[in-house]
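Below: the structure, in structure tokens.
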Amino acid sequence: MTKIYTAIILMVIALLPQAAHSAELDERADSAYMEGKYDEAAQLYEEYMKTEGTSWQLYYNLGNCHYRLGKSAQAVIDYERALRLDPGNKEIQDNLALVNSKLVDKKGYEGSFLSRTFEDITNIMSSNGWAWIAFSLFVMTIVAAALYIFFNGVAVRKIGFFGGGATLVLSVIAIVFAINANAISRSRSTAIVKVPSAILSTSPRAPQSRSEEAMLLHEGAKVVIVDSISSPTDSIKTMWYDVMFDNDHRAWINSSEVEII
């Protein structure tokens, strides 16, 4: 037993310098940002991520740095990644909306009313948040079932029966939102144009003529990846994505011109 305690103590001692270094990186990054050294701050936040992992706060801070540096596409990518970790965060939503308002390309109609409503509700909170709601509602269902089974009063039994039915249905709905929120956070079907401008093609290859040019998108534009293919016409195999910008615009883009969120 003593050997186990000794091993634990030695492990903690070994981790202390790493923890101190990580804390120092975070402090230096915050200080650099406050001093207006946004490029240095971004580098320090990225270095901190390598040791401590990602979080919505780090992506949010990175987004702020890249926005200040005029890197709109990277700022959008950072804010989108932050939202995946904390979809209901108003600060992130506002900053992302600010950057999007300054982009060249404006989206048209996207999806159906029902699909957009379902996604908007899903994005109110993270999958963990929906899971906790589902769990709480299920506990309330059990309590309601106990009222129905163990109490004799008609009013109490009615409350238990109908209340339990309602909380059970709501619990199932919350589970559906939790599953969808988890799928969205893990999805690799959306990407951001990272080059100043990209000419999309009508086929999975570089446009050979004006007739093969489908549309022009600029940095920061968000697209949904529908399909992908490795082009057989290139001397070096190139991945092409079949993407949708909105309901009226769908074309092929070189994978090197976008970054998946």
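With the charge dipole of the chain set up from +1 on Lys and Arg Cβ and -1 on Asp and Glu Cβ about the Cα centre, the Cα lying farthest toward the positive end among the listed residues Thr51, Tyr33, Ala131 is that of Ala131.
I need the calculated FRET efficiency for the pair Leu69 and Glu212, taking r as the beta carbon distance and R₀ as 41 Å, to the nearest 0.05. Calculated value: 0.75. Relative contact order of the chain, taken over Cα pairs closer than 8 Å and 6 or more residues apart, is 15 percent. Determine the shape class of region 20-69: with a ≥ b ≥ c the square roots of the Cα gyration tensor eigenvalues, call it rounded for a/c under 1.5, and otherwise prolate if a/b is greater than b/c, oblate otherwise. In terms of gyration-tensor shape, oblate. Its Cα centre serving as origin, the chain has a Cβ charge dipole (Lys and Arg +1, Asp and Glu -1) of approximately 880 debye. Shown for the chain: the carbon plus sulfur share of the solvent-accessible area, taken with all protein chains present and a 1.4 angstrom probe, equals 62%. Rounded to the nearest whole Hz, the Karplus-based 3J(HN,Hα) values (6.51 cos²θ - 1.76 cosθ + 1.60, θ = phi - 60°) of region 244-256 follow the sequence 10, 8, 8, 4, 9, 10, 9, 6, 9, 9, 5, 4, 6, with x at glycine and proline.
Couplings 3J(HN,Hα) for region 204-211, derived from phi with the Karplus relation 6.51 cos²θ - 1.76 cosθ + 1.60 (θ = phi - 60°), are x, 6, 5, x, 8, 7, 4, 5 Hz, where x marks Gly and Pro. When the Cα gyration tensor is reduced to axis lengths a ≥ b ≥ c, the ratio a/c is 1.5 or higher for region 56-104, and with a/b not above b/c it is classed as oblate. Here region 152-192 and region 73-116 have alpha carbon centers that stand 26 Å from each other. Counting only other residues whose beta carbon sits under 13 Å from that of Leu83, what net charge do I get with K and R as +1, D and E as -1? Computed value for this residue: -3. The candidate values are (1) 20.4; (2) 19.8; (3) 22.2; the one derived from this structure for Kirkwood radius over Cα pairs in Å carries the label (3). Less than 5 angstrom separates the built amide H of Ala214 from those of Leu200, Ser201, Thr202, all sequence-distant by 5 or more or on a different chain.
Take the chain with all the other protein chains still there, run a 1.4 Å probe, and you get 60 Å² of accessible area per residue. Solvent-accessible area of Ile149, all protein chains in place: 110 Å² (probe radius 1.4 Å, heavy atoms, ligands and nucleic acids excluded).
The values are calculated or read from the model by the stated rules, or taken from the named source; none is laboratory data. Treat the numbers as computed from the prediction; the structure is a model and nothing was measured. With ideal geometry, Cβ positions are generated from the backbone for all residues, glycine too; neighbour counts draw on all protein chains shown. We work out accessible area using only protein heavy atoms, side chains counted, and drop any ligands, DNA or RNA first. Shrake-Rupley method; radii C 1.70, N 1.55, O 1.52, S 1.80 Å.
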